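What follows is a single structure, written as structure tokens, with notes after it.
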Amino acid sequence: MSKPVKTHRHLARVVRFSPSEIKAAMRDVEGVNAKLAVLITKGVGSMACAYLFSMIALASLPAILTQAGALPSGAVPHFLINPGLILIVAWIAQTFIQLVLLSIIMVGQSVQSDAADARAEGTFTDTERILDALSLKTEGGLKAILDAIEKPRA
């Protein structure tokens, strides 16, 4: 039976807003659009942004509860049930976050995936080169050293 993977260490690294990690991720990609997509994807993928989006979503809750009759209108400050605030929250949540941010995040994830694939391919190539040099059957590397050692001296 395999041990469960502990994600708490990985989750903490992924959800925090780290400017140094964002800069490193942006160095992996080329082009203004790719850098902007990675910047937004990394920023939106942080807990700070999740808290911000939660506050935006909760801003309209008092108005909804008042309209549903769950709260009396006098129990909530007037600015929280102002129709203008509700319209702004609806526009931000439905138009900007869902339509605009979603496509940017998808591009950012694609760019990050391509950069990760390039790093993985480089690692694989380096590993093949090292294994080839360590092989006793391949010319160069250890084979050349062994042949030199085993060669009779004149």
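Being under 30 Å from ILE22 (Cβ atoms), surrounded by 12 or more Cβ atoms within 10 Å (Cβ to Cβ) and not hydrophobic (A, V, I, L, M, F, W, C) is the filter here, so list the residues in segment 70-116 that pass it.
GLY108, GLN109, SER110, GLN112, ASP114
Just for segment 126-144: of the residues that are of a type in the set (D, E, K, R) and exposed (fewer than 13 other Cβ atoms within 10 Å of the Cβ), which one is modelled with the highest pLDDT?
Going through segment 126-144, the residues of a type in the set (D, E, K, R) turn out to be 126, 128-129, 132, 137, 139, 143.
Restricting the remaining residues to those that are exposed (fewer than 13 other Cβ atoms within 10 Å of the Cβ) gives 126, 128-129, 137, 139.
Values: ASP126: 92, GLU128: 88, ARG129: 85, LYS137: 72, GLU139: 71.
This residue is ASP126.
Looking at segment 17-37 only, could you name the residues that are assigned to a helix (DSSP H, G or I) and modelled with pLDDT of 85 or more?
VAL32, ASN33, ALA34, LYS35, LEU36, ALA37
Quick one: how many residues across segment 20-66 are more than 21 Å from ARG119 (Cα to Cα) and out of contact with any Ser or Thr (no Cβ under 9 Å at 6 or more places or on another chain)?
23
Restricting attention to helices (runs of 4 or more DSSP H) lying wholly within segment 60-154, give those where 3 or more residues are of a type in the set (Ser, Thr, Tyr) and under 30 Å from LYS42 (Cβ atoms).
In segment 60-154, the matching helices (runs of 4 or more DSSP H) lie at 102-134.
Yes or no: PHE53 modelled with pLDDT of 85 or more and surrounded by 11 or more Cβ atoms within 10 Å (Cβ to Cβ)?
Yes; evaluated as a whole, the condition is true for this residue.
With the condition kept exactly as written, say whether any residue in segment 57-69 is among the hydroxyl-bearing types (Ser, Thr, Tyr), out of contact with any Pro (no Cβ under 6 Å at 6 or more places or on another chain) and surrounded by 13 or more Cβ atoms within 10 Å (Cβ to Cβ).
yes
What residue, among those in segment 15-44 that are of a type outside the set (A, V, I, L, M) and crowded, with 17+ Cβ neighbours inside 10 Å, is farthest from TRP91 (Cα to Cα)?
The residue in question is LYS35.
The values are calculated or read from the model by the stated rules, or taken from the named source; none is laboratory data. Quick caveat, the model's predicted, so the values are computed rather than measured. Glycine also receives a Cβ, built like all others from the backbone with ideal geometry; neighbour counts cover every protein chain displayed.
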